[in-house]
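Below: one structure, written as structure tokens.
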Amino acid sequence: MSWHPQYRSSKFRHVYGKAASKDKCYDCVPITHNINDNHFCAVNPSFIAVVTECVGGGAFLVIPIKQTGKLDPHYPKVCGHKGSVLDIKWNPFNDFIIASCSEDATVKIWNIPNQLLKRNITTPKKELLGHARRVGLIEWHPTADNILFSSGYDYKIMIWNLDVVDNVLSNPVKILDVHKDVVLSMSFNTDGSLLATACRDRKIRVIDPRAGTVLQEGSYKSHRVNKVLFLGNMKMLFSTGMSRWNNRQIALWDQNDLSIPLLEEDLDGDSGLLFPIYDSDTHMLYVVGKGDGNIRYYEISPEKPYLSYLMEYHSHLPQKGIGMMPKRGLDVAACEIFRFYKLIPAKSLIEPISMIVPRRSESYQADIYPLTAAAQPALTAEEWLNGINKGPLLVSLRPGSEAVKSLPQFLDQETEATDMSQQQKVQGMISLEDEQKPREIESSRRLNVNESLLENKQMCLSNGFDIFQCPPPKTESELLQMYYRQQEEIRRLRELVIQKDIQIKQLMLELRNLCTDTDTE
């Protein structure tokens, strides 16, 4: 009986991980030795923050993202906590605000200046006092502005509204007291209307955070869950944990039925924790092992087999934590679809790792960069607390299109319908004017055609490959790369010429019909 392998067609089938060169790493960084199971690193397009060692309290470093190389041993710290810092998270809508939680049972909000730090920051912008024991996790709401969730070792999750004017807050807007042990992981769905948690009592819960009720609860005897993650709009959850034989294990769940997993798979016999990270734009799932140097990545589909293994990034340097760059900070010219920042305490090093789709063309690849979450909130804190749900605002990653923002996901169809109705109205107005003033419309059409041709010409020049702007190739590989770029550019220009020929024929036909109409009158 012959075995027939199953091949899948995927644009991310050949994605590979590329570690940055030494001069683009962050060296001599005193990374924390805390044994807590957190990322210990937070990244945005402006800064990288990493938890560090500090005598007599807790601290973390905030380094400008472009300041690579060796770090000054006297570099200023953010050091206002009285206990070790356990988690840090950047505000998704403000690159200069970061939240931190600590063993001193407090959560602090910090304002980072827009220049190089010259002295330690010790005074927070806000201080949140509500937990009775140390705070292990914090999460910003994905679509509402200034809503922060914190989870402590008092088994409670607290919701904070940071729009309040007071600098010291002791009363959260909501307390979720539904867990019987320490919460190990928190994750939001796309619009932030649901919260998934993994608890030390081995149970996964799906919670309505505003109502404070548990919608789904489940556990599986052969899966001790550590981390749980919402898979975007797939209506599924992904969890990592340990099997009954102490093997590292992954599982996939239906968010509406947690009685039994859709898929369960043992990975290896290592003891380190597995961090799951999901990219909802590309539907790729990354599994990062703590204590080893591997990053496995999969592709998620809504139908069986649900989880398709792609490849694995190997490294001999073990990672203690990991940071993720938001999509708006990626290098789209290099076809970079994700970037990790790997914490290597053995070498006091932070190493960027880029996940790259191999493409020959250097032009913008729209098929691997769909609209992604923008840096603007879709809701105010008050709107979300009053029960309104909205998906994230979306933005294109195409260079020069920062001003083009889309509406929330659930309004896309409505906006498309209104756009179509507006186009029909405009077409109706043009046809009415055609009957009244055909010669004026003809001249205006010519003007519009010239303008569109000019815009297309500019687009062609901006997206195209200009051989005169590049240095001459020095090696055979550079020469081949130049050749492939030119072939791609020739193919693109041929398609553009064909489109222009079709447009010219259509315009000539319209002009002929217009002339015949005027002659008959």
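So how many residues does the stretch 166-187 have that are touching a Cys at 6+ places or on another chain (Cβ under 6 Å) and in a strand (DSSP E or B)?
1
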message: Out of everything in the stretch 384-395 that is among the hydrophobic types (A, V, I, L, M, F, W, C) and part of a loop (DSSP other than H, G, I, E, B), what residue ends up being nearest to His283 (Cα to Cα)?
response: Leu393
task: Output the qualifying pairs, or none if there are none: Cβ atoms under 8 angstrom, residues six or more apart or on different chains, first residue in the stretch 66-82 and on the phi > 0 side of the Ramachandran plot, second residue loosely packed, with under 13 Cβ neighbours inside 10 Å.
output: Gly69/Asp23
- prompt: Do we find that Ser46 is open to solvent by 50 Å² or more (accessible area, probe 1.4 Å), under 24 Å from the mean Cα position of the chain (by Cα) and closer than 19 Å to Glu351 by Cα in this structure?
  reply: no
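Tell me the residue from Val183, Val206, Val228 that is over 22 Å from Ile88 (Cβ atoms), surrounded by 17 or more Cβ atoms within 10 Å (Cβ to Cβ), under 27 Å from the mean Cα position of the chain (by Cα) and touching a residue at least 40 places away in the same chain (Cβ under 8 Å), please.
Values: Val183 fails: over 22 Å from Ile88 (Cβ atoms); Val228 fails: over 22 Å from Ile88 (Cβ atoms).
Result: Val206 is the single residue among Val183, Val206, Val228 that is over 22 Å from Ile88 (Cβ atoms), surrounded by 17 or more Cβ atoms within 10 Å (Cβ to Cβ), under 27 Å from the mean Cα position of the chain (by Cα) and touching a residue at least 40 places away in the same chain (Cβ under 8 Å).
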message: So, in the stretch 67-97, exactly how many residues are open to solvent by 50 Å² or more (accessible area, probe 1.4 Å) and not in a loop (DSSP other than H, G, I, E, B)?
response: 1
message: Looking at the stretch 271-291, can you tell me whether even one residue there is part of a strand (DSSP E or B) and without any contact (Cβ under 8 Å) to a residue 40 or more places away in the chain?
response: no
- request: Sort out which residues of the stretch 337-391 are touching a residue at least 40 places away in the same chain (Cβ under 8 Å), within 30 Å of Thr68 (Cα to Cα) and among the polar types (S, T, N, Q), and write them in order of number.
  value: Ser348, Ser354, Ser361, Ser363, Thr372, Gln376
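Which of the residues spanning the stretch 314-336 are in a loop (DSSP other than H, G, I, E, B), in contact with a strand residue (DSSP E or B) (Cβ under 8 Å, 6 or more places away or on another chain) and without any contact (Cβ under 8 Å) to a residue 24 or more places away in the chain? Give the steps one after another, and end with the answer.
Kept after step one, since they are in a loop (DSSP other than H, G, I, E, B), are these residues of the stretch 314-336: 314-320, 325-326, 330-331, 335.
Right, trim to in contact with a strand residue (DSSP E or B) (Cβ under 8 Å, 6 or more places away or on another chain) and you get 315, 317-320, 325-326, 330-331, 335.
Result: Asp331, single match.
I'm checking my understanding of the structure. Among residues of the stretch 337-383 that are of a type in the set (Lys, Arg) and in a loop (DSSP other than H, G, I, E, B), which one is nearest to the chain's Cα centre (by Cα)?
Kept after step one, since they are of a type in the set (Lys, Arg), are these residues of the stretch 337-383: 339, 342, 347, 359-360.
When the remaining residues are screened for being in a loop (DSSP other than H, G, I, E, B), the result is 359-360.
Details: Arg359: 21, Arg360: 25 Å.
Across the stretch 337-383, the extreme among qualifying residues is Arg359.
Has the stretch 98-120 got at least one residue that is assigned to a loop (DSSP other than H, G, I, E, B), farther than 22 Å from Val62 by Cβ and open to solvent by 10 Å² or more (accessible area, probe 1.4 Å)? Let's see the steps before the verdict.
Taking the stretch 98-120 as the starting set, the residues that turn out to be assigned to a loop (DSSP other than H, G, I, E, B) are 103-105, 112-120.
Now restrict to residues that are farther than 22 Å from Val62 by Cβ: 105.
Pick out the ones that are also open to solvent by 10 Å² or more (accessible area, probe 1.4 Å) and you get 105.
Checked against the condition, which is being assigned to a loop (DSSP other than H, G, I, E, B), farther than 22 Å from Val62 by Cβ and open to solvent by 10 Å² or more (accessible area, probe 1.4 Å), the stretch 98-120 yields at least one hit.
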- prompt: Looking at Leu274, Leu310, which is the one that is open to solvent by 20 Å² or more (accessible area, probe 1.4 Å) and not small (Gly, Ala, Ser)?
  reply: Leu310
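The values are calculated or read from the model by the stated rules, or taken from the named source; none is laboratory data. Computed from a predicted model, the values in this text were never measured in an experiment. Neighbour counts run over all protein chains shown; Cβ positions are idealised from the backbone, glycine included. Side chains included, ligands, DNA and RNA excluded: accessible areas come from the protein's heavy atoms. Shrake-Rupley method; radii C 1.70, N 1.55, O 1.52, S 1.80 Å.
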